[in-house]
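The values are calculated or read from the model by the stated rules, or taken from the named source; none is laboratory data. Predicted model, so just to flag it, every value in this text is computed and none were measured. With ideal geometry, Cβ positions are generated from the backbone for all residues, glycine too; neighbour counts draw on all protein chains shown. Accessible surface areas use protein heavy atoms only, side chains included; no ligands, DNA or RNA. Shrake-Rupley method; radii C 1.70, N 1.55, O 1.52, S 1.80 Å.
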Amino acid sequence: MHLDPLAILTAFGLIFLAELPDKTMFASLAMGTRMRPLYVWFGTSSAFIVHVAIAVGAGGLIGLLPDWVVKVVSATLFALGAFMLLRSGGDDDEDEEIKTVTGFWPVYTTAFMAVFISEWGDLTQITTANLAASNGTWSTAVGAAVALMSVSALALLAGRFIAKRVPLKTVQRIGGLCMLGLAVWSVVEIFAG
C-alpha cells in the first residue's frame, strides 16, 4: 500500500469543497440539533467510509443504480425527517418535554441510513471514483474519507452551537423546513436529470 501525499491532499480538497454545500451536510446539521452529535458523527462517518470504499473499489457500480430510484428514496427519507421534525416542533406547549432519539444504536442507525442512502451516485462519490482511477486507490480513499468526515464534524459542531443559542422548537421547525426543502430538491433532481 503506497500513499501519495499529493493525491491525498487533492482528494481531500476536492471532496471537502464538493461536500460543503451538499444536502448531506445539512442533514447532519439537522440531526446534530436533535440527537447526540458524537453518535451522529459515528453513523455518518461509517456511511461515508462505506461509500468511499465502494467508490474506489468499484466506481463503475454507481452507474448500475438508476439515478431516479436513489433520488426517490432520498426524497422520501428527507420528507419523513421533515414530517417528524415539524410535527414535534409544532406544539406551542412550553411545558411539554421534547422527545429526541437517544441511545447509541438508534442514533447511529438513523445517521448511517440517512447518509448511506442519500449519497448513492452523489457528486462526491463519483468524484472519488474518478480520482481513484487516476490518483491511486488508497490515497484517494484516505483523502476522501477524511474530507467527508470533516464536513460532517463541522456540520455537527454548528448544529450544537445553534442549539445552545436558539430554542429547540425553533431549531426543529427550521430543521424540518430544511429537510422539506431537501426532499423537494431531490424530487426536482429526478425531473431535471
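Protein heavy-atom surface of the range 114-181, 1.4 angstrom probe: 74% of the accessible area is carbon and sulfur, with nucleic acids and ligands not counted.
Entry for the range 100-191 at q = 0.11, 0.14, 0.15 Å⁻¹: log10 I(q)/I(0) = -0.46, -0.73, -0.82, Debye formula applied to identical alpha-carbon scatterers, no solvent contribution. Take the Cα of Leu154, step 7 Å toward its Cβ, do the same at Leu17, and the gap between the two points is 1.2 nm.
Kirkwood hydrodynamic radius computed over the range 133-174 comes to 12.4 Å, based on all pairs of distinct alpha carbons.
Between Ile126 and Val101, the simple spin-label model (points 7 angstrom out along Cα→Cβ) gives 2.8 nm. Electrostatic tally near Thr24: other residues with Cβ closer than 12 Å to its Cβ, Lys and Arg +1, Asp and Glu -1, net -3. Here the calculated FRET efficiency for Val188 and Ile162, from their Cβ-Cβ distance with R0 = 25 Å, stands at 0.40, rounded to the nearest 0.05. Over the range 120-193, accessible surface divided per residue gives 49 Å², non-protein components excluded, 1.4 Å probe.
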